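Everything on this sheet refers to the single structure shown next.
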């Protein structure tokens, strides 16, 4: 897909970026925004897969390719490709920010209507959620500490809201609903 520059936002559409460690619940937050609130849903990993990994869905391969993109100075191009897929005048949930360039790219284009959400969760809970993919704790830790994952915690300080996902799915959804109320009211989370 050719890269095009997205026009400056003409409206007040919301762009909510979701970040957090492996298994924290980023996709749960972004899909809830899509399913319950009508947001267009897009994932960095899907754009990366289409661009560089020939539609692969292997997390290990995507981490490797993601690191090649980050380490090779191509993170801005990945962001251009992602932004090009965001439909005009649609609220959008962007799943999987991993780098400060991701935050900067979305802020530059969509501010003041871009909001970053950091999904937080205890390591043990995160591992239990992805245990089918990482049966041994050592495998999970290796993936969680892969170089492509190492900038995630730096994004926390830029978050409009930090969502605690150690509870139930209903509690998670209520936090997302409150986030939207705060964003729409112009308040704090």
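Coordinate-derived values only; no laboratory data. Here the structure is a predicted model, which means the values were calculated and not measured. Don't worry about glycine lacking a Cβ; one is built from the backbone with ideal geometry, like all the others, and counts go over all protein chains shown.
Straightening the chain between residue 77 and residue 166 buys 28.6 nm, computed as 0.36 nm per residue apart minus the Cα-Cα spacing. Assuming a ≥ b ≥ c are the square roots of the Cα gyration tensor eigenvalues, decide whether region 44-86 counts as rounded (a/c under 1.5), prolate (otherwise, with a/b larger than b/c) or oblate. Taking the square roots of the gyration eigenvalues as a ≥ b ≥ c, region 44-86 is oblate.
The distance separating the Cα centre of region 17-55 from that of region 134-189 comes to 12 Å.
Considering helices alone, the calculated mean residue ellipticity of the chain at 222 nm is -14000 deg cm²/dmol, with DSSP H runs of length four and up weighted by -39500 (n - 2.57) and normalised per residue.
For the chain, the Kirkwood hydrodynamic radius from C-alpha pairs, put into Stokes-Einstein at 25 °C and a viscosity of 0.890 mPa s, yields a diffusion coefficient of 146 µm² per second. Here the extension length gained between residue 137 and residue 178 equals 11.4 nm, from 0.36 nm per residue of separation less the Cα-Cα distance. With the simple model of a label 7 Å out from the Cα in the direction of the Cβ, residue 123 to residue 146 spans 1.8 nm. Here region 47-124 has an Rg and Dmax of 13.5, 39 Å, counting Cα atoms alone.
Overall shape of region 92-189 was characterised from the C-alpha gyration tensor. The equivalent ellipsoid obtained from it has semi-axes of 26, 19, 9 Å, in decreasing order.
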